Every structure is written in structure tokens, then in C-alpha cells.
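As C-alpha cells, the structure follows; a few thoughts come after it.
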Amino acid sequence: ELHRTVLNRCLPRLIKHLDFIKIYLSVKKKAILDDVTLRDIKEQTTRTNKIMELIERVKQRGRKAYDVFKECLGESRQTELLDELKKVEAKFQMHETGIYPLSTV
């Protein structure tokens, strides 16, 4: 599925730049993950592991959770990461449809 591919492709950048506290609070507020899952994420011992667990859980929850995760990025003012996800998503959608912008022809 597209959301999994995009998150996998962007994982290194998410690990490097994601503000975990801000995204965690936004995800919690939107209730896209249950309390047990949120606790499991928060109990990870390192920031990197917390982010990796969060992304894995979003991937497992499907496209709707991915879309809400993108909303959370916007609401937590992490727009550079949101833009990166959208850019990678657009590239994969163009590849799947065979429609490419003129600049890539």
C-alpha cells in the first residue's frame, strides 16, 4: 500500500527531524491509536525507537491513520516533514499511474 511505502521511504528523515513530543500529543488528541498502543510507544527507551514504533503502528492502522498522521504533522507545525511525505507520495502515485510531469520526460 502507498502509505507504507511512503513512510518507509521517509523513515530516516522522520527519525532525524520529527519532534516526538509534539507529534505524540497530536496523535493522542486525534485518537488514531488506542491508549495501550500509545503507552507502548511512550515506553520505548530511546527517541529513535519511539519514532520507529509510532511509524510502524501508523502503517499497521492503514491509510486513514496515515492521513490523520499527516494532519498531526501540520497541526504540530512540522510542515517540512509533511511536505516531504506529500512529495514522496506524489512521486509514487505518478509512477503507479504512468503520468509524469513534463520536467521528468
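The values are calculated or read from the model by the stated rules, or taken from the named source; none is laboratory data. Only a predicted model underlies this, so the values are computations on that prediction, with no experimental measurement involved. For neighbour counting, all protein chains shown are included, and Cβ atoms are generated from backbone atoms with ideal geometry for every residue, glycine included.
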| field | Meets criteria (modelled with pLDDT of 95 or more and of a type in the set (Val, Ile, Thr)) for residue 104 | value | no
| request: Would you be able to tell me the number of residues in region 68-81 that are surrounded by 13 or more Cβ atoms within 10 Å (Cβ to Cβ) and of a type in the set (Asp, Glu)? | output: 2
| query | Taking only pairs six or more apart or across chains, which ones have beta-carbon atoms under 6 Å, a first residue in region 65-91 that is of a type in the set (Gly, Ala, Ser), and a second residue that is outside any helix (DSSP H, G or I) and at pLDDT below 95? | reply | 65/32
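Quickly run through region 64-77 and pick out the residues that are of a type in the set (D, E, K, R) and either within 10 Å of the chain's Cα centre (by Cα) or not in a helix (DSSP H, G or I) (or both).
Within region 64-77, 67, 70, 71, 77 meet the criteria.
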